[in-house]
Each structure stands twice: as structure tokens, then as C-alpha cells.
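Single-structure report; data block below.
The values are calculated or read from the model by the stated rules, or taken from the named source; none is laboratory data. Remember, it's a predicted structure, so these values are computed and weren't measured experimentally. Cβ atoms come from the backbone with ideal geometry, glycine included; neighbour counts cover every protein chain shown. In case anyone asks, the SASA skips ligands and DNA or RNA and just uses the protein heavy atoms, side chains included. Shrake-Rupley method; radii C 1.70, N 1.55, O 1.52, S 1.80 Å.
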Amino acid sequence: MSQPILPYGRQTIDDDDIAAVSQVLRGDFLTTGPTVEAFEVAFAEVVGAHHAVACSNGTAALHLAMLALDVKPGEVVIAPSITFLATANCARYVGADVVFADVDPDSGLMTPATLADAMMRVGGRQLRAVLPVHLRGDAVDLPGLAALAADAGAVLVEDAPHALGTTMTYGNVAQTVGDGRHAAMATFSFHPVKTIATGEGGMITTNDAQLASRLRTLRSHGMVRPEGADPWWYEMPEPGFNYRLPDILCALGLSQLKKLPQFAARRRALAALYSDALVQLAPVVQPAQSPAWSDPVLHLMTVLIDFDAAGRTRRQVVDALKAQGIGSQVHYIPVHRQAYYRDLYGDADLPGADAWYARCLSLPLYPGMQDDDVARVVAALRKALA
Ligand SMILES: *Cc1c(COP(=O)(O)O)cnc(C)c1O
């Protein structure tokens with residue numbers, strides 16, 4: 001009997017999730033009802049932030065963050081090249097320019113050194129925001145990046161879709177990704193491969209009440225209802241968007257969030273099994289490096305493969321894994337290499353991003369995997385490289 005296919009990531013939906021959604025479907029509010037706030041309050045508590053604002057997806061979260069900060073045409077946003085397209089694109093939505101930061105070739109993360117280098121390429125323009133990504137779920141050096149951003153008069157916004165549940169210890173202070181201690185805002189996504197799923201969905205956390213209020217206004221057309229005004233009355237000081245997350249999906253998010261401790265424990269356990277099993281494939285295969293301060297709930301199990309030493313191309317390895325029922329994915333193609341950004345800015349020289357891209361491959365990691373699936377994946381990888 002053939003074994004089931006293991007994708008690189010997938011959602012975990014149980015009967016209680018389905019029941020939670022059904023209950024909302026039978027109620028009065030499909031959207032903009034009480035479940036939105038319930039999800040927001042619960043989410044803020046889980047990451048330790050004062051405010052959480054739900055929105056339609058992680059890309060909308062990034063766009064809203066840029067709008068709430070009033071990032072303007074001609075200003076600059078720094079994003080790492082190794083990330084999903086949306087991290088950079090959000091700057092373009094508001095007419096700002098992107099300066100791509102390089103990444104550490106072994107962790108894939110923006111570092112204070114790569115940020116400092118990117119800042120030198122800002123030139124005479126105004127740097128408004130820095131958008132580090134907690135790639136795979138590992139926390140970046142937030143205090144280091146925050147200090148550099150503050151010196152430049154720029155705001156730090158964590159793009160955190162990979163890192164829900166990740167904790168880290170800087171100095172002696174333990175904290176959680178999205179708690180707002182070092183960054184003005186953090187953005188999350190609930191795409192099915194992410195740590196909790198709503199299908200489409202996003203969240204922004206912040207400790208700044210004014211930013212939270214602005215984000216809420218901007219996610220719903222820019223409409224405000226002044227206190228004491230007539231019941232039909234609304235005003236629009238500036239146009240916003242319809243980036244709301246419906247109650248139906250907030251119910252799913254709330255139900256999923258309750259299981260975050262289990263999901264996180266399962267991801268940590270599977271990552272530990274991978275870490276042990278991958279030793280047999282060293283030094284050709286190495287897990288991506290985790291910074292000392294980071295205690296990640298990994299979203300991605302990314303390994304770095306020396307394809308030259310193995311005498312195999314990545315395509316051959318991906319195909320050989322697929323033939324054995326193992327899905328894999330590349331996270332990510334450097335965004336600065338995309339045609340759109342090449343045409344805009346020319347070819348940046350980011351050797352860390354290129355070195356990361358040349359070796360990275362993400363292996364299956366999701367809570368529904370069995371312990372012995374890890375051995376199966378690693379055996380399949382060994383065969384694919386042999
Ligand atoms: C998933 C993701 C996004 C976008 O989230 P969507 O919900 O798919 O719009 C942005 N940045 C990173 C790093 C992501 O992984």
C-alpha cells in the first residue's frame with residue numbers, strides 16, 4: 001500500500017473548529033459581529049500585546065500597517081530579500097520605495113549588520129519603516145534592529161506570519177513575538193500553511209491605542225462614527241479599504257487559537273526529531289541556524305543543502321522527494337530578483353540572500369504529522385541525494 005503524501009505544510013481542522021464555524025453561521029452576524037472582537041482580545045492576550053486588529057489576510061495587515069504609519073511616496077521601507085513578496089509589496093501599495101536588506105546566509109534572517117548595510121543605500125531619502133521577518137519562526141534580533149531603526153527615525157514593524165507562539169530571550173527578558181516591546185506593530189497571517197488557519201485571515205498587534213484605532217478605521221473604508229452623532233451618521237476623513245475579517249472566520253481563528261499550545265508543542269517535538277535525524281546527512285544537509293535568543297515554534301523546517309557536494313540539482317532532489325510522496329518548497333526566491341523589482345531598482349548585490357536561496361529547501365512540518373513521518377522524510381532525502 002502506498003504511503004500518504006506529506007505536503008510541506010497543512011492546516012489541522014477538527015470537529016470543534018467546524019462546530020465553532022457552524023454556530024456563527026446559525027447566528028445573527030456573519031461579519032462585523034461579536035466574534036471579531038472575541039478573536040482579537042484572545043489573540044492579543046496570547047502574544048502579550050495590548051491591542052490586536054483582525055483583517056482579511058497577512059498582506060492586508062502589512063498594507064494597513066503602512067497606511068497607519070502614513071508612509072508616503074518617495075519615502076523608504078527596508079525589507080529583507082528572503083521573504084514572501086507581500087513584505088516588500090506593501091511599501092509599493094503606498095508609493096514608497098523598497099530598499100532590500102541582505103540576510104544571514106545560515107539563518108535567513110535580517111541582522112543589525114545587514115540592516116546597517118541597507119541603511120547606507122537609503123541615500124538622502126526618508127527611511128520610514130523597517131520590516132524584519134521572523135523567517136521560519138525564528139526570532140530576529142529585535143533589540144538590535146530596533147536600536148538602529150530608532151537612530152534613523154524609522155519605525156520597526158515585525159512581519160511575523162511564521163512566528164506565532166515563538167518566544168525569545170534578549171538579555172534576561174523573556175518575551176513573545178508580537179508583544180510590541182521592540183516594534184510598533186507586528187503582522188500575522190492565518191493562511192492554511194501558517195501556525196493557525198482561517199483560510200484567509202490576518203492580524204496586527206500593537207501596544208499603541210492610537211495606531212490600533214487608526215488600523216480599525218482604515219480596515220473599514222476609513223469610516224468613523226463620532227460620539228453622540230445621529231445613528232445613521234458616519235464620516236470619512238480619509239478613504240480606507242474593506243479589509244475586514246468576517247465573524248465566520250474569526251470563529252475558526254478563535255477555535256484554532258485555543259489549540260495553539262498543542263500545535264506549538266507538536267511543531268517543537270517534530271522539529272527536535274528532525275534535528276536528531278538530520279545529523280546523519282551532515283555536512284551536506286544542515287538545518288537552518290537558529291539564533292541563540294530564539295526559542296521558535298517553527299513554521300517551516302528549512303534545511304540548507306550543498307547541492308554541488310551532493311552532485312544533485314535542487315530540481316532533481318525535489319522531484320525525487322515527490323516521487324517518494326514527500327512535498328517540499330523553496331522559501332524563498334529572493335524578492336529583489338523579481339522582474340518588477342529588478343526593473344525598478346536594478347540588480348542589487350545581496351550575497352547572503354543568494355547563498356541562502358541556492359541551498360534552502362523546506363521539508364514537511366505540521367501538527368498532523370506522525371513521529372515516524374520524520375524518519376520517512378529524512379530517509380527519502382537521503383535517497384534523493386544518493
Ligand atoms: C504568508 C505571509 C505573508 C502574507 O500573508 P497572506 O495571509 O498570505 O496575505 C506575508 N509575509 C510573510 C512572511 C508570510 O509568510
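Pairs please, first residue from region 351-366 and free of Cβ contacts under 8 Å to residues at least 40 places away in the same chain and farther than 17 Å from residue 8 by Cα, second anywhere and open to solvent by 10 Å² or more (accessible area, probe 1.4 Å) and assigned to a helix (DSSP H, G or I), Cβ atoms under 9 Å, 6+ apart in sequence or on different chains.
From residues that are free of Cβ contacts under 8 Å to residues at least 40 places away in the same chain and farther than 17 Å from residue 8 by Cα, the pairs are 354/337.
In this structure, does residue 256 turn out to be farther than 26 Å from residue 88 by Cβ, in contact (Cβ under 8 Å) with a residue 40 or more places away in the chain and part of a strand (DSSP E or B)?
Working: farther than 26 Å from residue 88 by Cβ: yes; in contact (Cβ under 8 Å) with a residue 40 or more places away in the chain: yes; part of a strand (DSSP E or B): no.
No; evaluated as a whole, the condition is false for this residue.
Can you name the residue in region 186-225 that is open to solvent by 50 Å² or more (accessible area, probe 1.4 Å) and within 30 Å of residue 366 (Cα to Cα) and, of all such residues, is nearest to the ligand (Cβ to nearest atom)?
Checked region 186-225; the qualifying residue nearest to the ligand (Cβ to nearest atom) is 191.
Of everything in region 57-79, what is under 16 Å from residue 132 (Cβ atoms), near the ligand (Cβ under 9 Å from one of its atoms) and touching an Asp or Glu at 6+ places or on another chain (Cβ under 7 Å)? Give them in sequence order.
Within region 57-79, just 62 meets the criteria.
Within region 226-249, can you find the residues that are assigned to a helix (DSSP H, G or I) and open to solvent by 10 Å² or more (accessible area, probe 1.4 Å)?
Within region 226-249, 248, 249 qualify.
Any residue at all in region 145-168 that is among the polar types (S, T, N, Q) and under 16 Å from residue 293 (Cα atoms)?
Pass one, region 145-168, residues among the polar types (S, T, N, Q): 166-167.
Applying the additional criterion that residues be under 16 Å from residue 293 (Cα atoms) yields 166-167.
Yes, because at least one residue in region 145-168 is among the polar types (S, T, N, Q) and under 16 Å from residue 293 (Cα atoms).
Applying the selection to region 33-59, what residues are among the polar types (S, T, N, Q) and either modelled with pLDDT under 95 or in a helix (DSSP H, G or I) (or both)? Outline the logic, then answer.
In the first step, residues of region 33-59 are kept if they are among the polar types (S, T, N, Q); the result is 35, 56-57, 59.
Listed by number, the residues that qualify are 35, 59.
Name the residues in region 272-286 that are of a type in the set (A, V, I, L, M, F, W, C) and within 15 Å of residue 106 (Cα to Cα), would you? Talk me through it step by step, then tell me what you get.
Here is the first cut: in region 272-286, the ones of a type in the set (A, V, I, L, M, F, W, C) are 272-273, 277-279, 281-282, 284-285.
Of everything in region 272-286, those that are of a type in the set (A, V, I, L, M, F, W, C) and within 15 Å of residue 106 (Cα to Cα) turn out to be 282, 284, 285.
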